[in-house]
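For reference, the structure discussed in these notes is given below.
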Amino acid sequence: MNTMQKTIIHKLSEKTNRNYFYIKRDDLIDFSFGGNKARKAEKFKEDIVAKKADAIVTYGSSESNHCRVIANMARSLGLKCYIISPEEKYEETYNSKMIRMFGARIIKVPIDEVSTTIDNLLERFKKECKPYFIPGGGHGNFGTDAYVDAYNEIKEYEVEHDFTFDYIFLASGTGTTQAGLICGQILNKDFDRKIIGISIARNKEKGEGVIIESIRDYLCKDINDYLHCVNFNDEYTLSGYNKHNDKILNVIKKVLLKDGIALNTTYTGKAYYGMLEYIKKNNIMDKNILFLNTGGLPLFFDDMKGLIK
Ligand SMILES: *Cc1c(COP(=O)(O)O)cnc(C)c1O
């Protein structure tokens, strides 16, 4: 894993409402199929190595890109890895298969026992080894910091090409990625641009609450003046994680056929679809729009069943 990789930005063929569309390719980060979890994991890795931990504990669903990246990282560092996963709706996916291939232990428990299971496991491990806990999705200041870096890369691109992005759209789950981008925006005082998180599951109240908390945690100050920067849109969740429809499948097909980029129904396809709907609904025209591709490539192959029917 390279430390501090920068990812490219390039134009898309998308033309909805005469806007100019660009994409930032965090899906191309060169570790374990890339994505925002790989960018975040690089930050955790520095801390894990510095603290000389010998086992990693984290949690996530069977679709989790985070768990795949962490299991791969643990294996490459020669560390043990324990993944706590809610047993409800657990389905074998390419991510879960790879997690097993990397030698991680998957511990399935009822969703309301996840947190006590983690506490008990860490308590037990502390007697025998040096466990390191990573919150689900790479949530926390390291994850936020990874996306302050990404924001600064976007700034560099703007300076180099002498223009600005009016909007940045992305798939928002735990909100850490979005919180990092917003911290970058606040630190750079770039208040002319809008960052819009398309929720993949959470409702607006919960989503915005967690993002605000993450920003406060990272900046260590009162952020009441910046609450207008937090835009978490829950209109395109289709009532939950992993829920999708034919419109999303069609968008995924269109982007793959036109631009050769594989999105997925759980995150990036849903967010891209949400972005286009948002743009139409709000009559956004003639703007420069950046879509952050947060990755999740293995999920595309799980989606193939729906794409070729
Ligand atoms: C986890 C994930 C997200 C959401 O990122 P958060 O920082 O949790 O909001 C978006 N896209 C993909 C592909 C992901 O794996």
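Read-outs: derived from the displayed coordinates by stated rules, not from any lab. Values in this document were obtained by computation on a predicted structure and should not be read as measured data. With ideal geometry, Cβ positions are generated from the backbone for all residues, glycine too; neighbour counts draw on all protein chains shown.
Data for the structure
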item	result
Rounded to whole Hz, the Karplus (6.51, -1.76, 1.60) HN-Hα couplings of region 248-260, x for glycine and proline	5, 4, 5, 5, 4, 4, 4, 5, 5, 5, 7, 10, x
Rounded FRET efficiency, nearest 0.05, which uses the C-beta distance separating Leu187 from Cys129 and R0 of 51 Å	0.85
Simple label model, 7 Å out from Cα along Cβ direction - Asp259 to Lys97, nm	2.8 nm
Cβ-based net charge around Met98, under 15 Å, with every Lys or Arg adding one and every Asp or Glu removing one	+2
Prolate/oblate/rounded call for region 173-220, Cα gyration tensor, a/c under 1.5 rounded	oblate
Interchain or long-range residues, amide H under 5 Å from Asn231's placed H	Gly197
Whole-Å distance, taken between Cα centres, linking region 96-111 and region 171-236	31 Å
Per-residue HN-Hα couplings for region 227-233 [Karplus 6.51, -1.76, 1.60; θ = phi - 60°; Hz; x = Gly/Pro]	4, 5, 6, 8, 10, 10, 9
Most mobile of Thr265, Thr164, Thr237 in a GNM of the chain (Cα contacts under 10 Å)	Thr164
Inter-label distance, nm, simple model (7 Å from Cα along the C-beta direction), Asp47/Thr116	2.7 nm
C-alpha long axis of helix 268-281 to longest principal axis of the chain, angle in °	30 degrees
Using θ = phi - 60° and Karplus 6.51 cos²θ - 1.76 cosθ + 1.60, couplings along region 66-79 (whole Hz; Gly, Pro as x)	4, 5, 4, 4, 5, 4, 5, 5, 4, 4, 5, 8, x, 9
Mean-position separation - Cα centroids, region 61-91 and region 249-300, in angstrom	26 Å
Rounded, prolate or oblate (a/c below 1.5 giving rounded, otherwise prolate when a/b exceeds b/c) for region 1-92 by Cα gyration tensor	oblate
Calculated FRET value between Met285 and Asn250, using beta carbons and R₀ = 25 Å, to 0.05	0.65
Entries of Lys24/Lys254; Lys243/Lys270; Lys37/Lys126; Lys6/Lys258 with Cα pairs more than 20 Å apart	Lys37/Lys126; Lys6/Lys258
Helix 141-161 axis, angle to the chain major axis (alpha carbon atoms, nearest 10°)	30 degrees
Percent RCO, i.e. relative contact order, over the chain, from Cα pairs under 8 Å lying at least 6 residues apart	23 percent
Folded to 0 to 90 degrees: helix 114-128 orientation relative to the chain principal axis, Cα	50 degrees
Anisotropy class of region 60-152 from Cα gyration tensor, a/c 1.5 cut	rounded
